[in-house]
1. Can you name the number of the only condition in (1) at pLDDT 95 or above; (2) part of a helix (DSSP H, G or I) that residue 99 fails?
2. Would you confirm whether any residue within region 91-101 is exposed (fewer than 11 other Cβ atoms within 10 Å of the Cβ) and small (Gly, Ala, Ser)?
3. Here are 121, 81, 20: which of them is loosely packed, with under 11 Cβ neighbours inside 10 Å, closer than 30 Å to residue 7 by Cα and of a type outside the set (Gly, Ala, Ser)?
4. Just for region 35-63: of the residues that are in a helix (DSSP H, G or I) and polar (S, T, N, Q), which one is farthest from residue 91 (Cα to Cα)?
Amino acid sequence: MMKVQINMDDVLNFMRVRGDLSAIAREVLVRRATALAAKSKGIEVTDDEIQKAADAFRMVNGLQSAASTTEWFANAGITLDHFEEYLETNILIKKFKESFRDEDGFNRVLHSDRVKSAVCDILFDEWLKKELAE
């Protein structure tokens, strides 16, 4: 079997040609901005939260041992620090989004016609699936 190597420039150039890079860059930008906003709002992530998120990630990805996790990191080209930063950012984003529940805008949006219409569509779809299944 032929062993082929690629580098990050190969990946980035391919993504640029296909037009995928701007979407990825935007996602990275949104993640970074949201994490910074969460931190500025005083939101913190504990070591225990990161550990629980890491355990869940390993379970979902079938990484049942330290060796399989280390191998996965090597194959993905990431370090433990990169992984923990990714998990911390995910947790910060989740907590930041949840923080909007405590703000006035949440109730305003929740009771808007747009949300009520979306909920009606969801309930209709559930009813329809049930009716068609019978």
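The values are calculated or read from the model by the stated rules, or taken from the named source; none is laboratory data. Every value quoted in this text rests on a predicted model; they were computed, and no experiment measured them. Positions of Cβ are generated from backbone atoms using ideal geometry, with glycine treated the same way; all protein chains shown enter the neighbour counts.
1. Result: residue 99 passes all but (1).
2. No: region 91-101 contains no residue that is exposed (fewer than 11 other Cβ atoms within 10 Å of the Cβ) and small (Gly, Ala, Ser).
3. 81
4. Only one residue tops the list, namely 40.
The rows are residues; the columns are (1) farther than 26 Å from residue 28 by Cβ; (2) under 16 Å from the mean Cα position of the chain (by Cα); (3) at pLDDT 95 or above.
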| position | (1), (2), (3) |
| --- | --- |
| 46 | no, no, yes |
| 50 | no, yes, yes |
| 56 | no, yes, yes |
| 78 | no, no, no |
| 86 | no, yes, yes |
| 91 | no, yes, yes |
| 111 | yes, no, no |
| 131 | yes, no, no |
